[in-house]
Amino acid sequence: MENRQFFNHIIKNIDDIFVPDDLHSSRRLLQDGDVQRTLDRCFSVIQESSKAWSGTTASALAQKKPLAGTSSLQLAVTSYLSRFLKPSVYEKIKRRQTRLDHSLFDVLWPALRKTSKDRHLEEDINSGLIAPDFDVYVVFQEFLVTLIKDMHCMSVTADFKPHPRIAYFPMENAERLNTAYFVFDDDSNLVVRCLVECSRNLDSFELPLNLTIGQIEQAERLMMAKIFTAAFIEAIEEDEPGSYYTLTEVLEDKSEVYDMLNEYGLLIPLLDQNDPVQQAESTAFNGSLWPYGRGVYVSASNSMALWLNCQEHMRILSTSNSKEAADIGIAYTRVGRAITFLEQQLHFKESYLLGYLQSRPSFLGTGLKMTTIIRLPNLMKEMDNLRHLCSVRGLVLSTNGQSRLSVRLINMQSMGSVEHVLFQDYCTAVTNILSLEKDMSLTNSKHIASMLVKIFRRKKNSLAERH
């Protein structure tokens, strides 16, 4: 206490330097003048955007409209951030640094990056934010806590509750099930594909962005040693081991591995290394060692992929197949079995309140994201209304980069609840959207039939008059 009073006598506003839990900060101010000036400019852009974007009381994910250009998309994202990065908050945290010397700029820069127009911000970051290390959630908590709550459909004034333990499947007769059954009622073949992703980070390592050559090699070997086992193959109910490809093999020109992953829907967003701008951004996202020490394990059935050291230490993806595109239950079950097994083999980074810590704030908690690629020809005619319908049901509507005829419906919430409850809520929400689409289609059909009847009546009356 005496030391704090001593420093307070010399330095004004000592609380602006020392964060509440100072085990996570560098305990020194940001000294780089260029970074500070750039950060100030970023904050000015964020503040100005709030004046140009209406509806500041709505959720950001509901605000995002179908935008043609990157600048408009950035406007939507930065306007959202302005709701939480108030001038008083910014002044308090702008000079703080984490133990790994990451500043607020390292958290905010993706919101203002020079992304090419054919890419969408939502594909690889959430609301323009990225966590370069685990300590940012403490060091910049005055800004991030309220934003995270809003992002996960929680009240910003309510306190965090302890995150529940992993439970991908419910209990039945005092035993934990290991299968989830759910197929969307899709007689009209509106569902193109279902995708389930879960991510984890190893407890004894920093995020891949910050690892040395030795550390990233060790992390890769540690995870591969648990994946290439008979026990893992049995857990995911495969007949034989899958294949492992280095990220270099995936990224090389005319890569057959890349095409295969893309075909089965198991490809994660990857920035173009041949584009100078995207290459620089890729280095900022992934570190200077990229793509070294990274790779992807693909199951023998080509229905699941485990990406290693790609932004997170592990990203497990599973998809429904083309013949049963609406069967999200089978994709969810694969991920649930895989992560439940690996949870017993590896120690993952956890927080008492935030759950499993992630580089992507939208994955905090369970690390679970479910996506349905779906065609909604009637609802998509009014995209603003569709986004609102999705938002009130806890869904993010994202445009599909590969086709303008379909959209992606993604769950907002991934924390504060167990996995099987999140899965049930998501399936209910998407089913509701499907029902609305079918109702509109039926209404339009009746309207067309009514118009045809009127036309035929007019023609009949006209013929009668002629006679």
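The values are calculated or read from the model by the stated rules, or taken from the named source; none is laboratory data. What you see is a predicted model, and the numbers here were worked out from it, not measured in a lab. Note: ideal-geometry Cβ built from the backbone for every residue, glycine included; neighbour counts use all protein chains shown. Just the protein is used for accessible areas: all its heavy atoms, side chains included, with ligands, DNA and RNA removed. Shrake-Rupley method; radii C 1.70, N 1.55, O 1.52, S 1.80 Å.
Beta carbons closer than 6 Å, at least 6 apart along the sequence or on distinct chains, pair a first residue in region 300-324 that is touching a residue at least 12 places away in the same chain (Cβ under 8 Å) and closer than 19 Å to Arg221 by Cβ with a second that is open to solvent by 10 Å² or more (accessible area, probe 1.4 Å) and basic (Lys, Arg) for Trp307/Arg315. Residues considered: Gln345, Gln311. Of these, the only one that is open to solvent by 10 Å² or more (accessible area, probe 1.4 Å), in contact with a Ser or Thr (Cβ under 6 Å, 6 or more places away or on another chain) and not basic (Lys, Arg) is Gln311.
Restricting attention to region 363-408, and to residues there that are small (Gly, Ala, Ser) and not in a helix (DSSP H, G or I), which single residue is modelled with the lowest pLDDT? Restricting to residues being small (Gly, Ala, Ser) and not in a helix (DSSP H, G or I), the top hit is Gly401. Scanning region 241-266 for residues that are closer than 28 Å to Ala230 by Cβ and among the aliphatic types (A, V, I, L, M) turns up Leu247, Val250, Val257, Met260, Leu261, Leu266. Just one of the numbered conditions (1) closer than 20 Å to Phe348 by Cα; (2) touching a Leu at 6+ places or on another chain (Cβ under 6 Å); (3) among the aliphatic types (A, V, I, L, M) is not true of Leu261: (1).
Of the residues making up region 367-374, not a single one is closer than 16 Å to Ser199 by Cβ, among the small types (Gly, Ala, Ser) and open to solvent by 10 Å² or more (accessible area, probe 1.4 Å). Does at least one position in region 202-215 carry a residue that is open to solvent by 50 Å² or more (accessible area, probe 1.4 Å), of a type in the set (A, V, I, L, M, F, W, C), under 25 Å from Leu364 (Cα atoms) and more than 24 Å from the chain's Cα centre (by Cα)? No, region 202-215 contains no residue that is open to solvent by 50 Å² or more (accessible area, probe 1.4 Å), of a type in the set (A, V, I, L, M, F, W, C), under 25 Å from Leu364 (Cα atoms) and more than 24 Å from the chain's Cα centre (by Cα). Within region 279-298, if we keep just the residues that are without any contact (Cβ under 8 Å) to a residue 60 or more places away in the chain and open to solvent by less than 20 Å² (accessible area, probe 1.4 Å), the residue that is nearest to Asp133 (Cα to Cα) turns out to be Ser282. For region 248-255, indicate whether the set of residues that are open to solvent by 40 Å² or more (accessible area, probe 1.4 Å), among the aliphatic types (A, V, I, L, M) and not in a helix (DSSP H, G or I) is non-empty. No: zero hits. Among the listed residues Arg165, Arg193, identify the single one that is under 23 Å from the mean Cα position of the chain (by Cα), among the basic types (Lys, Arg) and part of a loop (DSSP other than H, G, I, E, B). Criteria check complete, one pass: Arg165. Answer yes if at least one residue in region 219-232 is crowded, with 17+ Cβ neighbours inside 10 Å, under 24 Å from the mean Cα position of the chain (by Cα), more than 28 Å from Gly355 (Cα to Cα) and not β-branched (Val, Ile, Thr), and no otherwise. The answer is no; no qualifying residue exists.
Here His388 meets the list (1) within 20 Å of Asp425 (Cβ to Cβ); (2) buried (at least 18 other Cβ atoms within 10 Å of the Cβ) almost entirely, failing just condition (2).
Val183 falls short on exactly one of the conditions (1) open to solvent by less than 30 Å² (accessible area, probe 1.4 Å); (2) β-branched (Val, Ile, Thr); (3) not in a helix (DSSP H, G or I), and that condition is (1).
A quick yes/no check of all residues on (1) of a type in the set (A, V, I, L, M, F, W, C); (2) in a helix (DSSP H, G or I); (3) modelled with pLDDT of 80 or more; (4) open to solvent by less than 40 Å² (accessible area, probe 1.4 Å):
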site	(1), (2), (3), (4)
Gln5	no, yes, no, no
Lys12	no, no, no, no
Val19	yes, no, no, yes
Arg28	no, no, yes, no
Arg37	no, yes, yes, no
Phe43	yes, yes, yes, yes
Leu61	yes, yes, no, yes
Ser72	no, yes, no, no
Thr78	no, yes, yes, yes
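Filtering region 146-167 to residues that are among the β-branched types (Val, Ile, Thr), in contact with a Ser or Thr (Cβ under 8 Å, 6 or more places away or on another chain) and open to solvent by less than 50 Å² (accessible area, probe 1.4 Å) leaves only Ile166.
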